[in-house]
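**Q** What follows is a single structure, and I will ask about it in a moment.
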Amino acid sequence: MRSLVFRGSGALEIVEGEVPFPGAGEALVRMKYCGICGTDVHNYRNGIAVQVGTVMGHENAGTVEALGPGVNGLALGDRVIVNPMPRCGTCYWCRRGEYSLCEIGSAREIGFHPEYPGGLADFLLVRYPDSMIMKVPDSVSAEAAALAEPLATSLHALNMSRFRKGDEVLVVGAGMIGLGLIRFLKLSGAGRTVVIEPSEAKAKLARELGADLAIDPSPGRDATMKAILDQSEGIGFPLVFECSGVASSFRDAPLFARKGGQAAIVGFCETEVGVIPRDWILREIEVKAILGYYEEFREVIQSLGMNEIPAASFISGIVSLERAEEEGFRRILRDRDCVKILVDLELRG
C-alpha cells in the first residue's frame, strides 16, 4: 500500500509498504478521501507539531475493509468516517464529556505521530474503533463525509461560545473552519453576520453561506477597526470568532468585541503574540479558547444528509496521492483562494 510520509519541513515521500492487519479490537479502513487540513499544511511547512516519519491526515472517509476480533457494531463494507482523536472514557475530562481534553487523546491522535499514522494512505488502521469510527448514511456522499471533521470543529466552536439566537456575530477568517461556522450560525438563527477576509473568492463564498457582509482587512488595522465599528453601532460585536490562526488576528479579535463581549479563539496560532491584558480587563472581555469537538460529528453528518450544508462549495480540488504535495500542500500555501483539497486514494498518478 502507498503512504505519504513526512520527511521534514517542506518534504513528503510516497512509501510502499504492507497493508496492516487489524488485531483484537481494531478495524482497517480502506481510504476513499482524506482532506488536507490547515494544520497539516502548517506542519508541512515548519514541522512544529508533527514528527518526521509520520503519515499525516486526520479528515478521513472510507469503508471498512477488515475487522479484528471483538469489534462490534461494524461490518465489512460499511461507509465510515474516522474521528482522529480516541478517548479513554475514564479520565476526569471524559467523565465530563469534554472529550477533546482526554488525557490520552492527543497523544494517540492519528496523523501526528509515526506510531499513529493518518489517512494519507491507501489503508488506515484504527486502534480504537468504538470511539473513533462512525457510520455514514447513503444520503451523505464520500466527498461530503470527508468534510465532517473540520465541520465538527466549526460546530463545536459555536456550541462552546456564548451564542444565542439573534446575536450579531463577527467571524475573522473565511477558511474551512470559518466558512463552516458561518453556515452553522445561519442555521442556528444568527442575526447580522460579518466576516473579515482578504480573499474575494472566500468572501463571496462566505456571503453565499450566510454572511451578510465581508470586510477586506488589506487596507490595514485602523481601516479594519473603523469598518467594524461602522457595522456595529460604534461599539463592536457581542461575539467574535477568530478562525484564521494568524497572530495579528489573535491579538485584535478581543478588541473587535464590544464591552462585556466574548472573543472565541478557534484558529490554531503557534507563535508568541504580544497583547495588553489591560485592554481586555477594562472592557470585561471574555477570551475563550476552543479545541476540537465533543459529540458534534453526529450532528454534522445529520446536517450533511439533510443538505443543509452545500459540501461541494467547500472543495477547491481533488487530487491523487502522487500529486498531493504539489497540487495539495503547496497549492494551499500559495493560493489564498483555496479552501479544501481532498486527496482521492482511488486515483493513481
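The values are calculated or read from the model by the stated rules, or taken from the named source; none is laboratory data. Note that the coordinates shown come from a computational prediction; the quantities given were computed from them, not determined experimentally. Every residue, glycine as well, gets a Cβ built from its backbone with ideal geometry; the counts of neighbours run over all protein chains shown.
**Q** Just to be sure before I move on: is GLY35 surrounded by fewer than 24 Cβ atoms within 10 Å (Cβ to Cβ) and in contact (Cβ under 8 Å) with a residue 60 or more places away in the chain in the structure I sent?
**A** no
**Q** Need the failing condition index for LEU333 against (1) closer than 30 Å to SER9 by Cβ; (2) over 16 Å from the mean Cα position of the chain (by Cα); (3) of a type in the set (A, V, I, L, M, F, W, C); (4) outside the structural domain of HIS58 (by TED's automatic domain parsing), just the number.
**A** Of the numbered conditions (1) closer than 30 Å to SER9 by Cβ; (2) over 16 Å from the mean Cα position of the chain (by Cα); (3) of a type in the set (A, V, I, L, M, F, W, C); (4) outside the structural domain of HIS58 (by TED's automatic domain parsing), the odd one out for LEU333 is (4).
**Q** Here is a follow-up. For PHE268, only one of the following conditions fails: (1) part of a loop (DSSP other than H, G, I, E, B); (2) at pLDDT 95 or above. What is its number?
**A** Going through the list (1) part of a loop (DSSP other than H, G, I, E, B); (2) at pLDDT 95 or above, PHE268 breaks only (2).
**Q** Select from the range 69-105 the residues that are surrounded by fewer than 16 Cβ atoms within 10 Å (Cβ to Cβ) and of a type in the set (Gly, Ala, Ser) and write down the one among them that is modelled with the lowest pLDDT.
**A** Checking each candidate, the answer is GLY89.
**Q** Would you mind finding the one in ILE290, ILE276 that is of a type in the set (A, V, I, L, M, F, W, C) and either under 30 Å from PRO86 (Cβ atoms) or modelled with pLDDT of 95 or more (or both)?
**A** The unique qualifying residue is ILE290.
**Q** Moving on to the next point. Residue under question is ARG45, and the condition is that it be in the same structural domain as MET56 (by TED's automatic domain parsing) and outside any helix (DSSP H, G or I); does it hold?
**A** no
**Q** For the structure I just gave you, tell me whether SER100 is under 24 Å from TYR293 (Cβ atoms) and either under 25 Å from the mean Cα position of the chain (by Cα) or assigned to a strand (DSSP E or B) (or both).
**A** Yes.
**Q** Give the residues of the range 274-285 that are surrounded by 13 or more Cβ atoms within 10 Å (Cβ to Cβ) and under 29 Å from the mean Cα position of the chain (by Cα), sorted by residue number.
**A** VAL275, TRP280, ILE285
**Q** Select from the range 224-249 the residues that are free of Cβ contacts under 8 Å to residues at least 24 places away in the same chain and within 25 Å of GLU200 (Cβ to Cβ) and write down the one among them that is surrounded by the fewest Cβ atoms within 10 Å (Cβ to Cβ).
**A** ASP230
**Q** Which of the residues belonging to the range 195-223 are under 16 Å from ASP252 (Cβ atoms) and surrounded by fewer than 24 Cβ atoms within 10 Å (Cβ to Cβ)?
**A** Within the range 195-223, PRO198, ILE215, ASP216, PRO217, SER218, PRO219, GLY220, ARG221, ASP222, ALA223 qualify.
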